[in-house]
Amino acid sequence: MSISFRAVETKLKRRSELAEAVKKARADGKTVVFTNGCFDILHVGHVRYLQDARALGDLLVVGVNTDDSVRRLKGPTRPVVSEWERAEILAALQCVDYVSLFNEDTPVELITAIRPSIHVKGGDYKAEDLPEAEAVIAGGGKIVIVSFSSTDSEGFSTTNVIGKIMNERRDKS
């Protein structure tokens, strides 16, 4: 069954709308899981990570860095894919319940607004090094680091995808 555009559109939330939706889900006894990232050039590593995150609770919220935020974090040539396209692609995934853009360099303000039960990051992070750790704990949540599966060691990363494209382009020149 394919997802309609209208269904995708209902998953995209402003921060205030998201806070209300999450508040209702918590009141209904649901475990809210949150993760965030740039998600520039979505690849299978991202999809597997998001599926693993969703398996930890009842509702998965994904915070997506805006284009300005990605440029500050990754440099002037990024993102490759615009913020609205990245948000729409993520919202189309069955495992994702809500998507919200954030312009800050860290998700602290978004986490403070929604107070997730679980904040998930990938195996390349350490909980104690996360700038948002204090906000997660202050909101009553916990941090879960999802280890990469054996297939993720094959080099799934946006940087690697971009490098491969650039190398193939150079080879054809």
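The values are calculated or read from the model by the stated rules, or taken from the named source; none is laboratory data. Source: prediction; values computed, not measured. Note that each Cβ is placed from the backbone with ideal geometry, even for glycine, and that neighbours are counted across all protein chains shown.
Please find, among VAL61, VAL146, the residue that is among the β-branched types (Val, Ile, Thr) and farther than 22 Å from ARG14 by Cα.
Being among the β-branched types (Val, Ile, Thr) and farther than 22 Å from ARG14 by Cα holds for just one of VAL61, VAL146, which is VAL146.
Which one of these is of a type in the set (Lys, Arg), modelled with pLDDT of 95 or more, closer than 25 Å to THR112 by Cα and buried (at least 20 other Cβ atoms within 10 Å of the Cβ): LYS30, LYS24, LYS11? Can you show your working first?
Numbers: LYS30 fails: buried (at least 20 other Cβ atoms within 10 Å of the Cβ); LYS24 fails: buried (at least 20 other Cβ atoms within 10 Å of the Cβ).
After ruling out the rest, the residue left standing is LYS11.
Take segment 64-89 and flag every residue that is touching a residue at least 40 places away in the same chain (Cβ under 8 Å) and part of a loop (DSSP other than H, G, I, E, B).
The answer is ARG78, PRO79, VAL80, VAL81.
Across segment 94-127, what is the number of residues that are surrounded by 20 or more Cβ atoms within 10 Å (Cβ to Cβ), polar (S, T, N, Q) and either farther than 15 Å from PHE39 by Cα or touching a Pro at 6+ places or on another chain (Cβ under 9 Å) (or both)?
Final tally of qualifying residues: 1.
Give me a count of the residues in segment 21-40 that are assigned to a loop (DSSP other than H, G, I, E, B), of a type in the set (A, V, I, L, M, F, W, C) and on the phi < 0 side of the Ramachandran plot.
Looking only at that region, the number is 1.
Have a look at LEU50, LEU59, LEU73 and point out the one that is more than 18 Å from TYR125 (Cα to Cα) and not β-branched (Val, Ile, Thr).
On the way: LEU50 fails: more than 18 Å from TYR125 (Cα to Cα); LEU73 fails: more than 18 Å from TYR125 (Cα to Cα).
So the residue among LEU50, LEU59, LEU73 that is more than 18 Å from TYR125 (Cα to Cα) and not β-branched (Val, Ile, Thr) is LEU59.
Can you spot a residue in segment 84-93 that is of a type in the set (Val, Ile, Thr), buried (at least 17 other Cβ atoms within 10 Å of the Cβ) and within 17 Å of LYS121 (Cα to Cα)? Explain how you work it out, then say what you get.
Within segment 84-93, the first condition is being of a type in the set (Val, Ile, Thr), and the residues that meet it are 89.
Keeping just the survivors that are buried (at least 17 other Cβ atoms within 10 Å of the Cβ) gives 89.
Filter once more, keeping what is within 17 Å of LYS121 (Cα to Cα): none.
No, every residue in segment 84-93 fails to be of a type in the set (Val, Ile, Thr), buried (at least 17 other Cβ atoms within 10 Å of the Cβ) and within 17 Å of LYS121 (Cα to Cα).
Per-residue answers, yes or no, for (1) in contact with a Gly (Cβ under 6 Å, 6 or more places away or on another chain); (2) more than 21 Å from ALA25 (Cβ to Cβ); (3) in a strand (DSSP E or B):
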| position | (1), (2), (3) |
| --- | --- |
| ALA91 | no, no, no |
| VAL99 | no, no, yes |
| GLU104 | no, yes, no |
| LEU110 | yes, no, no |
| VAL136 | no, no, no |
| PHE148 | yes, yes, no |
